[in-house]
Structure formats: C-alpha cells, structure tokens
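Worksheet for the structure shown next.
The values are calculated or read from the model by the stated rules, or taken from the named source; none is laboratory data. A quick note: this is a predicted structure, and the numbers were derived from the prediction, not measured. As a convention, Cβ positions derive from the backbone with ideal geometry for all residues, glycine included, and neighbour counts pool all protein chains shown. The accessibility values were calculated without ligands, DNA or RNA, using every heavy atom of the protein model including side chains. Shrake-Rupley method; radii C 1.70, N 1.55, O 1.52, S 1.80 Å.
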Amino acid sequence: MEGGGGIPLETLTEESQSRHVLPASFEANSLQKSNWGFLLTGLVSGTLVAVYAVATPFITPALRKVCLPFVPATTKQIENVVKMLRCRRGSLVDIGSGDGRIVIAAAKEGFTAVGYELNPWLVWYSRYRAWREGVHGSAKFYISDLWKVTFSQYSNVVIFGVPQMMLQLEKKLELELDDDARVIACRFPFPHWTPDHVTGEGIDTVWAYDASTFRGREKRPTSMHFQPPIQA
C-alpha cells in the first residue's frame with residue numbers, strides 16, 4: 001500500500017523508526033563517560049577515606065583539652081637530655097614519645113626505655129626505627145593517653161610539654177614518682193619546681209628536677225661525729 005503522496009507505506013515506517021534509533025557511536029560515548037564517572041567517584045571516595053585514616057590520629061589529639069603536638073626533637077635537645085641522664089640508672093619513660101628519638105637514644109645509652117604516644121602512626125614508626133637501630137629489645141613503645149598511665153615504676157621521666165599542661169603534669173608526677181626519680185623537661189619548665197640542673201639555650205634548654213628536691217626531701221650526706229667519752 002502507498003500513502004496519499006505516492007510514497008510506499010513501508011518507506012515511511014522505516015524512516016519513522018530510524019529517527020528513534022540512536023547511533024552506535026553515541027551509545028558507546030555515553031557508556032564510556034558513565035564508566036569514567038564511576039571511576040572518578042571511586043578515586044575521590046578512596047582518597048577521602050585514606051586522608052581520613054592518616055589524618056585522624058594527628059587531628060584527634062589536637063581536639064583534646066590538653067595535648068602534646070608532635071614537634072621532632074632537635075639533635076641538640078637529644079644531646080642535652082642524654083647529658084642529664086649521665087650517672088643515672090633505672091628505667092626511663094618519654095611522655096609523648098613522638099617518633100621515638102629520645103627513647104632510642106636512651107636505649108643506646110643502656111637504659112630500658114619506654115615511650116607512650118597517642119598517635120598510632122608514630123608508635124608504629126618508632127617501633128620500626130628501634131628495630132632498624134638495633135635497640136628494639138630495650139626500647140618499647142605503646143599507644144596510650146599519658147593521663148591514663150601511672151609513672152611510679154620509672155626512675156627517669158622525659159617530657160617535651162606545652163605550658164598549658166605542665167601544672168597538671170607537675171601534680172601527677174609529684175604524687176606518683178619515688179624520691180630517687182628524676183624528671184627532665186624540654187622546651188618548657190615546670191611552673192613551681194626549682195630545677196636541680198639546667199643545660200642548653202633557647203629551644204634546646206633542658207631542665208632536670210630531682211623528686212627528692214621538689215618534695216622538699218633533699219637527700220643530704222650523713223656524717224658520723226666522734227664524741228669523746230664523758231669523763232667522770
């Protein structure tokens with residue numbers, strides 16, 4: 001059959017259908033764009049998750065009321081801490097041990113040294129450094145909040161503190177440490193204690209406090225006095 005214009009009906013039907021069929025190249029381009037969209041979305045999501053996983057341990061401590069920001073110790077600061085440890089014995093703890101520099105240096109000096117750090121990434125890195133330096137047997141690192149740790153078992157305490165925490169930490173250590181313990185403060189001194197020794201200048205200054213002194217129980221050398229016999 002033909003239409004009124006003399007055009008076969010089959011031809012009109014084919015032309016009508018061809019208007020509704022998309023070219024194959026257009027469908028392929030649309031599919032490719034869709035795949036790129038899914039890939040880009042996946043990459044962005046994965047990047048955000050990775051950034052969150054890495055950054056959270058660094059950001060979370062900063063959200064606490066009192067925190068220890070990670071600032072690596074300088075070579076001179078480490079030398080001054082080691083100087084304050086001369087002639088000292090017993091175990092050592094670094095409060096907020098960061099990347100483990102102080103603990104590793106103390107272990108090399110023969111101390112059994114422990115570091116407490118809230119950031120797990122820094123703790124894992126410190127353990128790796130201790131293994132690489134060959135002192136992993138005497139240098140240990142733990143993920144912990146310093147306010148939840150009792151320091152009574154340590155004879156030497158090292159702290160790279162900040163001013164807003166020193167008073168609170170001063171009270172904690174005074175309650176927990178034995179009289180023969182020594183506290184070594186770096187960058188900032190304790191507010192009320194009088195240091196027994198000071199070394200370094202500027203940001204490399206290190207203050208050493210003996211527990212017997214800040215408790216007012218300074219040990220004094222005893223001497224024996226000869227008393228002549230009483231004559232009758």
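Below, the figures for the structure above:
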{"read-out": "Those strands (runs of 3 or more DSSP E) lying entirely in segment 110-194 with at least 3 residues open to solvent by 30 Å² or more (accessible area, probe 1.4 Å)", "value": "139-143"}
{"read-out": "Single condition Ile159 does not satisfy, out of (1) closer than 23 Å to Ile104 by Cβ; (2) free of Cβ contacts under 8 Å to residues at least 60 places away in the same chain", "value": "(2)"}
